[in-house]
Amino acid sequence: MTITLTEKAAFRLRTFLRSTASESTSGIRVGLKNGGCSGYEYTLDLVSQANPSDLVFEQDRIYIYVNPTDAPLLNGVVIDFAESLTQSGFIFTNPNATDTCGCGKSFAAGDCTPTATSCH
């Protein structure tokens, strides 16, 4: 299981982690939720600790926590950060996606239906 942060994404996340009001923030949780126009939406949250069942990774001094249920659909994801005149934010490139929506915030994988029936 791998999740890769680009240099820009890692820099931005370290900045967020340093600037949080609570010093108890220890890392990020990368996950999925049913929804979006393609089936699954990515989630990215600052968290204080791992859940007992989380898979835990570290890259560029950032702890990354992943729920094992989401891991198969997140394996190999690359998280980047883009900034332009019209928008800025994290961009997910997912080798497991069989379809993505135009906004790039959601995806489908395998036989997932538009109503986001779980693939696993």
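Any read-out appearing in this document is the output of simple, stated calculations on the displayed coordinates, not a laboratory observation. All figures in this text were calculated on a predicted structure; none of them were measured in a lab. Using ideal geometry, Cβ is built from the backbone for each residue, glycine included, and neighbour counts are taken over all protein chains shown.
Compute the orientation-averaged projected area for region 3-100 from the convex hull of its Cα atoms and round it to one decimal in nm².
6.9
Relative to the present Cα-Cα distance, how much length would full extension add between SER19 and ASN34 at 0.36 nm per residue of separation?
Additional length available on full extension: 2.4 nm.
Which of ALA82, SER53, TYR40 sits farthest toward the positive end of the charge dipole of region 3-100, with +1 on the Cβ of Lys and Arg and -1 on the Cβ of Asp and Glu?
ALA82
Which FRET efficiency value, to the nearest 0.05, do you get for ALA82 and LEU46 by plugging their Cβ-Cβ distance into 1/(1 + (r/R0)^6) with R0 = 30 Å?
Computed FRET efficiency for ALA82 and LEU46 comes out at 0.95.
Tell me, what HN-Hα J-couplings in whole Hz come from the Karplus equation 6.51 cos²θ - 1.76 cosθ + 1.60 at θ = phi - 60° for each residue of region 54-68, using x for Gly and Pro?
My calculation for region 54-68 gives 4, 7, 10, 10, 9, 9, 6, 6, 10, 7, 10, 10, 9, 5, x Hz in order.
Of all DSSP beta bridges located in region 3-100, what percent are antiparallel, nearest 5?
Antiparallel: roughly 75 percent of the beta bridges in region 3-100.
So how strong a dipole does region 3-100 carry about its Cα centre when Lys and Arg Cβ are +1 and Asp and Glu Cβ are -1, to the nearest 20 debye?
The dipole of region 3-100 has a size of about 180 debye.
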